[in-house]
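Peer 1: To start, I am sharing the structure in question, which I have written as structure tokens.
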Amino acid sequence: MRPTGWQKTFEKANVSEEHFRMLVDTIPALVWSARPDGSAEFLNQRWLDYTGLSAEQALGWGWTAAIHPEDRHALIDYWRSILASGQPGEFEAQMRRFDGEYRWFLFRGMPLRDATGAIVKWCGTNADIDDRKRAEIDLRRVLDSIPGLVATNTPTGETELVNRQMAQYFGRTLEELKGWRTLDAVHPDDLPFVVSTIEAWMRSPGATSPFEFDLRLRRDDGIYRWFHLRALPERKPDGSVVRWYHLLTDIEERRRAEEAIRASELDLRLTVNSIPALVNILTASGEIEFTNQPLLDYFGRTLEELRGWAGSDVIHPDDLPAVMAAWKHSVETGSPFDLQHRLRRADGLYRWFHGRILPLRDQDDRIMRWYSVLTDIDDLKHAEEKARHSEAFLIEAQRLSRTGGWMHDLASGTVVTWPEGSSEMLHVYGAEPGEDTSSPEFWFNRIHPEDRQRVLETFTRCEVEKTEYRADYRIVLPDGTVKHQHSVGHPILNGAGELVQFVGTAMDTTEQWRADEALRQTQSRLAQAAQIATVAELSASIAHEVNQPLAAVVANAHACLRWLSAEPPNLAKAVESAERIVRDGKDAGDVVRRIRALFSRAETERVALNVNELIGEVVHLLEREVAKRHVSVATHFARDLPPVIGDRVQLQQLALNLLLNAIESMDSVLDRPRTIDIHSKRRSGNAALIEIRDSGAGLQDPDRAFEAFFSTKENGMGMGLAICRSIIEEHNGELWASSSEGSGTTFSFTLPLQTGTAP
Amino acid sequence: MNGESVVVFVVDDDPRVREALSDLLSSMGLRVVVFGAARDFLDYEKPDAPACLVLDLELPDISGLELQRELAANGPPIVFITGHGDVRSSVRAMKAGAIEFLSKPFGDEELLRAIEAAVALDRAARQKRSELVELQRHYDLLTPREREVLPFVVSGFLNKQTAAGLGTSEITIGVHRGQIMRKMAARSLAELVRMADKFGVAKPE
């Protein structure tokens, strides 16, 4: 190469080029010169030694090959920019050493100008700054690895250094951050506090301890996050601040957690105060540490009053021993306390509480605290009591009334008994323990085969019509026992009016049915007894009825004999006597026949009877009784009355009873004729109506007259009319009495006419 | 039956019985008068003859027992007849002096025996009644003083004792005594005592 430029320069400077070259090459620095276009003109020996390039390789633009590819373009760009500007400049870039290692260099370039000011060449040095640069990079790495935003400031507030986190957070480059007042990013709400804190700190110069506070800073995306600022000043020996070191730690999460804890604490307190229970926390020794408001309200005391309070004065005296024993046990064994007891309220009223006290233990299992919760169960207790009572009552009532509850759910097709598990239903229907009774079949199959179809039809009809279900039927248990049931069900409709289920009860009416049966039998026996009683009562009359003609017959017979045995025999007289014998004997026979008809115990039979005739016979039978008591009997029979269907003997007895009754009712009548009027007529509804009207004293209570053992007679059994009614009922007729006091009583009864006789 | 005209009254409300008994008693040669009711019998003018009453216990107006009570000693002896055979009524009737209590039907001998007994009783009663009437007639002849003396005499007092008791002389008493014996038609003191007994003379005080 020919350094003609240099030559001229050094010639002017009176320095030989050789001398200059030696000088430049001995400088322990990399020195170079370049033409105004930027191409290398000269590189000193050290430069060439460092890079390991030959002068031929490096001159011109060859030197750029030694620049680290990362920095090459930036360097060239920068180089061109200062070439253009003509201003000195410097640039940091890595340059390859001969051995391939890159080191950091500070490139500095300055223009050399001639007398006219035109740039004749550029001179420059490359200073090795690798150690510093690496230290700086290390520092930055350290700074970047700090979990926080780091910045250093000059005392005037100019930002010197920021770590990457900071740049990232604020979304600015270091250059942008330099000269940027961080206060811009402080949350407006925190700004006054931050400013006043900084000012306060400024007013106390000399402080060496860091100052710290929390503040919110706006992130690049506009979101504020909480930071903890820790600022430490670096001071000169004279105390003036050289630099500020700032560490901003992101405490958003912690802050939120704290916030959450505060909120939850508040929540907890609110919760504890709002739960309808008395809460307190006791120390390990049992002293009250905390109570919620309800507890204070309940006892009407303050927390201070409650401290060191044993509480024993508010526990119901009856419960105190048990509470003390349980608490003592808990304290001794560390086991939870769980007891129901009564506590006196501020107004003196005792209420039931469920007390639970749990121990809180530390890692070593030592009890640190006791948490006590007293739940007011007074209403519950009463309700429970009530429920228990009502359930007990229900069960007892079911048992006593032999009534079981059932619920037939139509949607699921299942049957449930209630109350569950104790339903009388299971007992009555003979369900085995554990047997599946949920299917309707179980229940329907229990029904007596003769009744089953009818009950099923009834149920189906009620299901379709959504009406009340009601059925009487028999059930047959597996052991053959037959029981009578009276079952009723109420349809339950949903909002849409659809039938959802039947809820009902089934009552075991077996006993009732038996009682009814027994009553029927008793009634029939009573009827017989009463018949016998009537017989006894009538026996005198009856005997008279028979004996009267017999006496006549016997007397006539004796007379006849005497007339025949007289001397001479009086035949005419004897014939007269004999004729009377025949007549009276026939009379006696008639009487006997009537009595036999009346009292023969033939089985009840239904035959067509002429009711007029039948009553007429009874009237005839009573003729003597009637005459004896001065009663006149008039019959008004409807001639065209069709026959009725009935039992002759029973209906005769009915008529006899009613007539005797009528006769006796007039015993006390002295001021008017004693009359009995008997009417028979046809009544609408295809029945015969018979009325027996007397002129007696009348009945005070005609309806009661038919009750058994009701009698207005001093010696009456009170059975007569009851029997009459049962006879009439057996005949599907009706019997009633109407009476007005003082003007007699009318007994009326109806009997169905023989079918087919309707006109 | 003796020749004396005996009357049998029959009260029965049953015409058949009345007819039959009337016929039967007639065939026995007895005079019979029948009544359908007690009132008719009471109203009937009865002849002065030994009689008996065949009475039905059950009568429509006045019952047999009521009639018996009403008649008491003045009526003829009663033979009750009844169609009931009622024990209680029969006891009451017998206690009240009924001769017999016959249950219908009864035989002619039964009836006849009862009627005879009743008639005999009535005859005796009638006898007693006529004796008393006779005695009364004699007694009515006595002066008041003689009626005073009579109890002493029949009680066996001596004349002297009687005179002392009545404050008079023994001779006066002797005269009264003779008058009494004569007026009373007593043949002996013993007869007078019997008469006084029948008549019911009170003992002296």
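The values are calculated or read from the model by the stated rules, or taken from the named source; none is laboratory data. Everything numeric in this text was worked out from a predicted model, so none of it was measured. Positions of Cβ are backbone-derived with ideal geometry, glycine not excepted, and every protein chain shown enters the neighbour counts.
Peer 1: So, in the stretch A:426-435, how many residues would count as being buried (at least 17 other Cβ atoms within 10 Å of the Cβ) and either assigned to a strand (DSSP E or B) or touching a residue at least 24 places away in the same chain (Cβ under 8 Å) (or both)?
Peer 2: Qualifying residue count, the stretch A:426-435: 2.
Peer 1: Going through the stretch B:69-93 one residue at a time, which ones are over 19 Å from residue B:32 (Cβ atoms) and away from chain A (no Cβ under 14 Å)?
Peer 2: B:69, B:70, B:72, B:73, B:74, B:91, B:92, B:93
Peer 1: What about residue A:579, is it part of a helix (DSSP H, G or I), more than 7 Å from chain B (Cβ to nearest Cβ) and buried (at least 19 other Cβ atoms within 10 Å of the Cβ)?
Peer 2: Spelling it out, it is not the case that residue A:579 is part of a helix (DSSP H, G or I), more than 7 Å from chain B (Cβ to nearest Cβ) and buried (at least 19 other Cβ atoms within 10 Å of the Cβ).
Peer 1: Would you please name the residue that is nearest to the other protein chains (Cβ to nearest Cβ), looking only at residues in the stretch B:107-131 that are more than 12 Å from the chain's Cα centre (by Cα) and surrounded by 21 or more Cβ atoms within 10 Å (Cβ to Cβ)?
Peer 2: That would be B:111.
Peer 1: Separate question: Just the residues that are modelled with pLDDT under 85 and outside any loop (DSSP other than H, G, I, E, B), please, taken from the stretch A:295-313.
Peer 2: Correct list: A:303, A:304, A:305, A:306, A:312, A:313.
Peer 1: On to the next question. From the residues in the stretch A:123-165 that are at pLDDT 85 or above and small (Gly, Ala, Ser), which one is nearest to residue A:248 (Cα to Cα)?
Peer 2: Applying the filter and picking the extreme gives A:135.
Peer 1: Test residue B:95 against the stated conditions and say whether it is surrounded by fewer than 17 Cβ atoms within 10 Å (Cβ to Cβ), more than 26 Å from the chain's Cα centre (by Cα) and free of Cβ contacts under 8 Å to residues at least 40 places away in the same chain.
Peer 2: Taking the combined requirement at face value, the residue does not satisfy it.
Peer 1: Another question, then. Going by the structure shown, is residue B:24 within 13 Å of chain A (Cβ to nearest Cβ), buried (at least 17 other Cβ atoms within 10 Å of the Cβ), touching a His at 6+ places or on another chain (Cβ under 7 Å) and at pLDDT 85 or above?
Peer 2: The answer is yes for residue B:24.
Listed here are the residues, each with its yes/no results for (1) farther than 21 Å from residue A:547 by Cα; (2) of a type in the set (Gly, Ala, Ser).
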site	(1), (2)
B:70	yes, no
B:78	no, no
B:81	no, no
B:93	no, yes
B:104	no, no
B:112	no, no
B:118	yes, yes
B:122	yes, no
B:137	yes, no
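Peer 1: If you don't mind, there's one more thing I want to ask. Could you please let me know if residue B:148 is acidic (Asp, Glu), part of a helix (DSSP H, G or I) and touching a residue at least 60 places away in the same chain (Cβ under 8 Å)?
Peer 2: no
Peer 1: Among what's in the stretch A:51-95 and is touching a Ser or Thr at 6+ places or on another chain (Cβ under 6 Å) and among the small types (Gly, Ala, Ser), pick the residue that is farthest from residue A:127 (Cα to Cα).
Peer 2: Residue satisfying both the conditions and the ranking: A:60.
Peer 1: Could you check the stretch A:596-624 and list, in sequence order, the residues that are within 14 Å of another protein chain (Cβ to nearest Cβ) and modelled with pLDDT under 75?
Peer 2: A:624
Peer 1: I want to confirm something. Restricting to the stretch A:331-357 and keeping residues that are in contact (Cβ under 8 Å) with a residue 40 or more places away in the chain and among the β-branched types (Val, Ile, Thr), which single residue is farthest from residue A:282 (Cα to Cα)?
Peer 2: Per the stated criteria, the residue is A:331.
Peer 1: Residue A:512 passes all but one of (1) at pLDDT below 70; (2) under 59 Å from the mean Cα position of the chain (by Cα); which number fails?
Peer 2: (1)
Peer 1: Sticking with this one: Pairs, please: C-beta under 7 Å, at least 6 apart or cross-chain, first residue farther than 29 Å from residue B:124 by Cα and in the stretch B:6-24, second of a type outside the set (Asp, Glu) and surrounded by fewer than 20 Cβ atoms within 10 Å (Cβ to Cβ)?
Peer 2: B:13/B:36; B:13/B:37; B:13/B:60
Peer 1: Residues in the stretch A:649-683 that are hydroxyl-bearing (Ser, Thr, Tyr) and assigned to a helix (DSSP H, G or I): how many?
Peer 2: 1
Peer 1: When you check residue A:383 against the structure, is it more than 30 Å from residue A:277 (Cα to Cα) and either among the aliphatic types (A, V, I, L, M) or in contact with a Gly (Cβ under 7 Å, 6 or more places away or on another chain) (or both), yes or no?
Peer 2: Here the answer is no, as residue A:383 does not meet what is asked.
Peer 1: Identify, please: which residue in the stretch B:157-186 is in contact (Cβ under 8 Å) with a residue 24 or more places away in the chain and not in a helix (DSSP H, G or I) and is, among those, nearest to residue B:197 (Cα to Cα)?
Peer 2: This residue is B:184.
Peer 1: Only one of A:100, A:148 is in contact with a strand residue (DSSP E or B) (Cβ under 8 Å, 6 or more places away or on another chain) and small (Gly, Ala, Ser); which?
Peer 2: On inspection, the qualifying residue turns out to be A:148.
Peer 1: Right, something else. Which residue, of A:247, A:215, is more than 57 Å from the chain's Cα centre (by Cα), crowded, with 18+ Cβ neighbours inside 10 Å and in a strand (DSSP E or B)?
Peer 2: A:247
Peer 1: State which residue pairs qualify: first residue at positive phi and inside the stretch A:106-130, second residue loosely packed, with under 13 Cβ neighbours inside 10 Å and basic (Lys, Arg) in any location, beta carbons under 6 Å apart, and separation of 6 or more residues or different chains.
Peer 2: From residues that are at positive phi, there are no pairs.
Peer 1: For residue B:163, are the conditions met, namely being surrounded by 15 or more Cβ atoms within 10 Å (Cβ to Cβ) and either modelled with pLDDT of 90 or more or in the same structural domain as residue B:29 (by TED's automatic domain parsing) (or both)?
Peer 2: So residue B:163 does not fit the description; no.
Peer 1: All but one of (1) closer than 30 Å to residue A:199 by Cα; (2) part of a strand (DSSP E or B) hold for residue A:108; state the number of the condition that does not hold.
Peer 2: All conditions pass for residue A:108, except number (1).
Peer 1: A follow-up question, please. Identify, please: which residue in the stretch B:136-153 is under 13 Å from residue B:199 (Cβ atoms) and surrounded by fewer than 17 Cβ atoms within 10 Å (Cβ to Cβ) and is, among those, nearest to the chain's Cα centre (by Cα)?
Peer 2: Across the stretch B:136-153, the extreme among qualifying residues is B:136.
Peer 1: OK, next. Condition first: surrounded by 19 or more Cβ atoms within 10 Å (Cβ to Cβ) and modelled with pLDDT under 90. Now tell me which residues in the stretch B:1-15 satisfy that.
Peer 2: Correct list: B:6, B:13, B:14.
Peer 1: Quickly run through the stretch A:370-425 and pick out the residues that are of a type in the set (Asp, Glu), surrounded by 15 or more Cβ atoms within 10 Å (Cβ to Cβ) and without any contact (Cβ under 8 Å) to a residue 40 or more places away in the chain.
Peer 2: A:378
Matching residues to (1) assigned to a loop (DSSP other than H, G, I, E, B); (2) within 14 Å of another protein chain (Cβ to nearest Cβ); (3) at negative phi:
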site: B:32; (1), (2), (3): no, yes, yes
site: B:47; (1), (2), (3): yes, no, yes
site: B:60; (1), (2), (3): yes, yes, yes
site: B:67; (1), (2), (3): no, no, yes
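Peer 1: Can you confirm whether the stretch B:52-72 contains a residue that is free of Cβ contacts under 8 Å to residues at least 40 places away in the same chain, touching a strand residue (DSSP E or B) at 6+ places or on another chain (Cβ under 6 Å) and under 18 Å from residue A:553 (Cα atoms)?
Peer 2: No: the stretch B:52-72 contains no residue that is free of Cβ contacts under 8 Å to residues at least 40 places away in the same chain, touching a strand residue (DSSP E or B) at 6+ places or on another chain (Cβ under 6 Å) and under 18 Å from residue A:553 (Cα atoms).
Peer 1: Right, something else. Select from the stretch A:459-478 the residues that are part of a helix (DSSP H, G or I) and surrounded by fewer than 17 Cβ atoms within 10 Å (Cβ to Cβ) and list them in ascending order.
Peer 2: If the condition is that a residue be part of a helix (DSSP H, G or I) and surrounded by fewer than 17 Cβ atoms within 10 Å (Cβ to Cβ), then A:460, A:461, A:463, A:464, A:465 are the ones that fit.
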